[in-house]
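*Asks:* Before we start, here is the structure in question, set down as structure tokens.
No lab work stands behind these numbers, since they all come straight from the coordinates. Note that the structure is predicted; figures quoted are calculated from it, not measured. When we count neighbours, we look across all protein chains shown, and the Cβ atoms used for this are built from the backbone with ideal geometry, even at glycine.
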């Protein structure tokens, strides 16, 4: 079954509004969650919404207000997110960083005490469509699932990082994590009785396994860093960098004993015009993109693709033809629909509804 993109956005926005989020927060969060589903990041789209509503109800996600400015030096800022919706905070940060990068060439924002920010790739087109390069990184100082390489006790979250690179066509959208898979995917596989595609976890004794249940055992196992048992030092190094960007630069993190689900966030936007010029940047990025696409495939019939190509195509297709959600997502939201008196969308005709938001980009 497929649902109109705009109908899903309107449904999620109404739930968030009736739950108490003020201003443009419901619309921004809803639009970016549905965008994540359309991009194929189905563990970090509407699958997060029921948990967000529970956090709002419990008072652990703030309903109203603005972030506190801790430091502002023009090209660098630190915000205290005040437990506001992380998706909204991250979107605001990308928007502000892009605006200031026009003046300074670069703008970086580190955010402490944000709530969860969902899918990082969904924030990138707001910068790339303006011809800018963006980096978004996140960690959660309240919990840990990933051990340092060679260890068996969790220290890090999966610590995702996303990079948006404009080209002469679709942008390159890199969205990876310092761990071999995510906590959200691990929980889904456990819930659905699935297994990892390889030995992506360690049990508490340090034995590699494809069983996600070890992460929930007593004592718990850990997710392996990207690179696995052979080259996990690479993901380990990436995690150390991301934790420094998100928690070190904001001066708030694991050392403070945080216990509430949330995020520390880092956003940086580069304006190529302030370097050697935007046209030159696009020329170089376009050459690299074309060389990758034209590369002879290792497997016949499976051409080389660029990161983000499927995501952008999925977003276009969702707006033109409708969006098929991962099984169980709307069913999980139905109780909240009844509680807040919001009708669950019905499968509908293809194409965008007025709430769709038009062209792909920051408004999507």
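*Asks:* Using packing as a proxy for protection, rank 175-182, 114-121, 5-12 so that the peptide with the highest average count of other Cβ atoms within 10 Å comes first.
*Replies:* With the highest mean Cβ count within 10 Å placed first, the list reads 114-121, 5-12, 175-182.
*Asks:* Would you please give the FRET efficiency between residue 152 and residue 187, computed as 1/(1 + (r/R0)^6) with r the Cβ-Cβ distance and R0 = 25 Å, to the nearest 0.05?
*Replies:* Rounded to the nearest 0.05, the efficiency is 0.75.
*Asks:* Can you tell me, using C-alpha contacts under 8 Å and at least 6 residues apart, the relative contact order of the chain as a whole percent?
*Replies:* Values: 813 pairs, mean separation 88.7, N = 364.
About 24 percent, as a whole number.
*Asks:* Sticking with this structure for a sec: At each listed q (0.15, 0.22, 0.29 Å⁻¹), what is the log10 of I(q)/I(0) that the Debye formula gives for region 299-338 modelled as equal alpha-carbon point scatterers?
*Replies:* One equal scatterer on each Cα of region 299-338 leads to -0.60, -0.83, -0.93.
*Asks:* Please report the projected area of region 236-348's Cα convex hull averaged over all directions, in nm².
*Replies:* Averaged projected area of region 236-348's Cα convex hull equals 13.9 nm².
*Asks:* Size of the chain along its principal axes in angstrom, Cα-based, largest extent first?
*Replies:* 53, 52, 52
*Asks:* So what's Rg/Rh here for region 130-206, counting alpha carbon atoms and using the Kirkwood radius for Rh?
*Replies:* Ratio of gyration radius to Kirkwood radius: 1.08.
*Asks:* How large is the helix-only mean residue ellipticity at 222 nm for the chain, computed as the sum of -39500 (n - 2.57) over DSSP H runs with n ≥ 4, divided by its residue count, in deg cm²/dmol to the nearest 500?
*Replies:* -11000 deg cm²/dmol
*Asks:* Determine the distance separating the Cα centre of region 2-67 from the Cα centre of region 253-308; give it in Å without decimals.
*Replies:* If we compute the Cα centre of each part, the gap is 26 Å.
*Asks:* Subtracting the Cα-Cα distance from 0.36 nm times the residue separation, let me have the gained length for residue 338 to residue 317 in nm, one decimal.
*Replies:* Full-extension gain reported as 4.6 nm.
*Asks:* Let me ask another. Rounded to the nearest 0.05, what FRET efficiency is calculated for residue 204 and residue 279 with R0 set to 45 Å and r the Cβ-Cβ distance?
*Replies:* Details: r = 55 Å, r/R0 = 1.21.
Efficiency, rounded to the nearest 0.05: 0.25.
*Asks:* Still on this structure, I have one more. State the extension gain, in nm to one decimal, for the chain segment bounded by residue 302 and residue 233, taking 0.36 nm per residue of separation less the distance between their alpha-carbons. Each step should come with its number before you reach the end.
*Replies:* Details: separation 69, 0.36 × 69 = 24.84 nm, distance 2.96 nm.
Length gained, residue 302 through residue 233: 21.9 nm.
*Asks:* Looking at the chain as a GNM with Cα springs under 10 Å, which of 98, 298, 286 has the largest mean-square fluctuation?
*Replies:* Of the options given, 298 has the highest mean-square fluctuation.
*Asks:* Further question on the same structure: Let me have the relative contact order for region 140-246, percent, based on Cα pairs under 8 Å that are six or more residues apart.
*Replies:* 27
*Asks:* Taking other Cβ within 10 Å of each residue's Cβ, how do 78, 34 sort, fewest first?
*Replies:* Ranked by crowding around the Cβ, least crowded first: 78, 34.
*Asks:* I want to verify a result. In a Gaussian network model of the chain, Cα cutoff 10 Å, which of these has the top mean-square fluctuation: 61, 185, 132?
*Replies:* 185
*Asks:* Right, here's the next one. Please report the base-10 log of the normalised intensity I(q)/I(0) for region 84-124, using a Debye sum with one equal scatterer per alpha carbon and no solvent, at each q in 0.16, 0.20, 0.30, 0.33 (1/Å).
*Replies:* Cα-only, vacuum Debye calculation for region 84-124: -0.40, -0.60, -1.03, -1.12.
*Asks:* Using all C-alpha to C-alpha distances in region 1-93, build P(r) with 5 Å bins and read off the rounded percent in each one.
*Replies:* The percentages, shortest bin first, are 3, 13, 23, 24, 16, 11, 7, 3, 1, 0.
*Asks:* Any idea how far apart residue 18 and residue 72 come out in nm if each label point goes 7 Å out from Cα toward Cβ?
*Replies:* About 3.7 nm, to one decimal.
*Asks:* Calculate I(q)/I(0) for region 85-216 by the Debye formula, one identical point scatterer on each C-alpha and no solvent, and give its log10 at q = 0.20 Å⁻¹ to two decimals.
*Replies:* Summing over Cα pairs of region 85-216 leads to -1.10.
*Asks:* Provide Rg over Rh for region 151-301; use the alpha carbon set for both Rg and the Kirkwood Rh (inverse mean inverse pair distance). It would help to have the intermediate numbers written out before the result.
*Replies:* Values: Rg = 19.1 Å, Rh = 18.1 Å.
Rounded to two decimals, Rg over Rh is 1.05.
*Asks:* Also, I was wondering about something else. How much length is gained on full extension from residue 102 to residue 251, taking 0.36 nm per residue of separation minus their Cα-Cα distance?
*Replies:* The residue 102-residue 251 span can extend by a further 51.0 nm.
*Asks:* Cut-off 10 angstrom, C-alpha nodes, Gaussian network model of the chain. Which of 73, 207, 195 fluctuates the most?
*Replies:* 73
*Asks:* Still on this structure, I have one more. Give me Rg over Rh for region 133-173, both radii from the alpha carbons and Rh done the Kirkwood way, two decimal places.
*Replies:* That ratio is 1.22, to two decimals.
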